[in-house]
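The values are calculated or read from the model by the stated rules, or taken from the named source; none is laboratory data. Small disclaimer: the values here were computed from a predicted structure and weren't measured. Glycine also receives a Cβ, built like all others from the backbone with ideal geometry; neighbour counts cover every protein chain displayed. Heavy atoms of the whole protein, side chains included, go into the accessibility calculation; ligands, DNA and RNA do not. Shrake-Rupley method; radii C 1.70, N 1.55, O 1.52, S 1.80 Å.
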Amino acid sequence: MSSEGKKLFNIIILGVSFMFIFTAFQSCGNIAQTVITNLNNTDFHGSGYTSMSIIYGVLSASNLLSPSLVAIVGPQFSMVISGVFYSLYIAVFIQPATWAFYTASVLIGIAAAVLWTAQGNCLTENSDENTIGRNSGIFWALLQFSLIFGNLYIYFAWQGKTHISESDRRTVFIALTVISLVGTVLFFLIRKQEDAKAPGDDDSANEILGESSSARNKMMRAVAAFKKSITLSFTKEMLLLSVTTAYTGLVLTFFSGVYGTCIGAVNRFGSEEKSLIGLSGIFIGIGEILGGGIFGLLSKKSRSGRNPVVMLGILVHFIAFYLIFFNMPNDAPIAPMEGTDQVAYMIPSKEVAMLCSFLLGLGDSCFNTQLLSILGFLYSEDSAPAFAIFKFVQSICAAVAYFYSNYFLLQWQLLIMVIVGFFGTITFFTVEWGAAAALAARGSDYSSI
């Protein structure tokens, strides 16, 4: 197999592995609060929102050290270890205990930081400035198939049910645990690149680039990766992109946890309210996949750069927020187990709710594919630290959003996303214009990015 073919193979395996792991994890996230609400009349007293807040809070802090850990262990083995911890978190729901639930939340936060840092490093190692857009799209589209498969099962398994029994819960989470483990094993199929650079390497640190695998050399690379992360955090481009990244963190929380809970709490949806959570996840996945395919795989045919895609993303999201505001009861995110009978500005419509799910996924793919692309382009020599900062900002904002989701009515959650999204779009435009100017100075074709 040619070098280019091997790199494409690695990207596909990377995407398929993440697809399996996040088929399990995102399905778990979509139904966690609903399942926990049904458990809270037992000895279990946890909160899905609090758990996700812990996960993303620990993830954000762990991103400061994840480049160093990836430098020591290597990206492939880092992803394998992280996948095991994802599987353990999901397995907790088979026989829930409050202490195990929150302990697993802390552990998966650490594992997620390492997983996504290693993913960014692997993606960049197997791409160049001409293929980073295509490869980002392939990875993102494969990853988002996870939203369809898991939620499709939930939709059919829970159709017509208003209460989730112990048997239903165990069946779902045993299946999700096995799926996550399959994705973890697939990481072993990724082939090493002979000229791959270790995280934290750069042209100014050639003295620590040798192929020696001694403990001293690995520690030096780990320290270099940590220093590089701190340095990159304060660059103009990274600070500007952090606003855009913060917005993706808020949206991630909303569509992966809050919106499904809102749908499941609307009593006017009748006996379908629980199965509609799964259907909502499917439509989010369709939007994500469509966006990844169009704006990633077809990026070579665009001569306009990334800004039009991001503009489309924010417009699509604003339409979705407007429709959700009119369609969903204001107290839906914090409704009790009995649900809510309130009505917003229109009678709650299942069709409008599913349309909003699709728009949320489509808009999210616009932002994430372009952020992955511009980070891989700007920081091709420092991919692990750059992607660690990206996940640091995204996860800390997701943690904050999960925390206030316990208390804020729907209208305030939507308003926060509108404000941050508006400024995040402007800051992304600023960085992209700078990248275009740098390409022009080098005499490269703007469409190649």
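Here are a few things to note about the model shown:
- The residues of segment 225-438 expose, per residue, 36 Å² of accessible area to a 1.4 Å probe.
- Each principal axis of the Cα cloud of segment 1-189 was evaluated for its coordinate range; sorted largest first, these ranges are 57, 35, 23 Å.
- Cα-projected label distance for Val352 with Asn267, points at 7 Å along beta-carbon direction, nm: 2.0 nm
- Potential lengthening between Asp128 and Tyr102 on full extension [0.36 nm per residue; Cα-Cα distance subtracted]: 5.3 nm
- Stretching the chain fully between Ser165 and Trp412 yields a gain of 85.6 nm (0.36 nm per residue, less the alpha carbon separation).
- Accessible solvent surface per residue of segment 38-101, calculated while the other protein chains remain in place, 1.4 angstrom probe, Å²: 38 Å²
- Packing, as the average of other Cβ atoms within 10 Å across residues, places the peptides 228-234, 239-245, 406-412 in the order 239-245, 228-234, 406-412, highest first.
- Spin-label pair Asp43/Tyr322, simplified geometry with 7 Å Cα→Cβ offset, distance in nm: 5.2 nm
- Segment 1-189, dipole about Cα centre (Lys/Arg Cβ +1, Asp/Glu Cβ -1), debye to the nearest 20: 180 debye
- Taking every lysine pair in segment 225-438 that is 8 or more places apart or spans two chains, those with Cα atoms closer than 28 Å amount to 8.
- Over segment 225-438: Kirkwood hydrodynamic radius from C-alpha pairwise inverse distances, Å: 17.9 Å
- Potential extension, Gln95-Phe156 segment - 0.36 nm per residue separation minus Cα distance: 19.7 nm
- The apolar share of the surface of segment 44-136, taken as the fraction of accessible area on carbon and sulfur atoms (1.4 Å probe, ligands and nucleic acids excluded), comes to 76 percent.
- Site pair Thr430 and Lys236 shows an inter-label distance of 0.9 nm when each label is modelled 7 Å from Cα along Cα→Cβ.
- By accessible area, using a 1.4 Å probe on protein heavy atoms only, segment 225-438 has 72% of its surface on carbon and sulfur.
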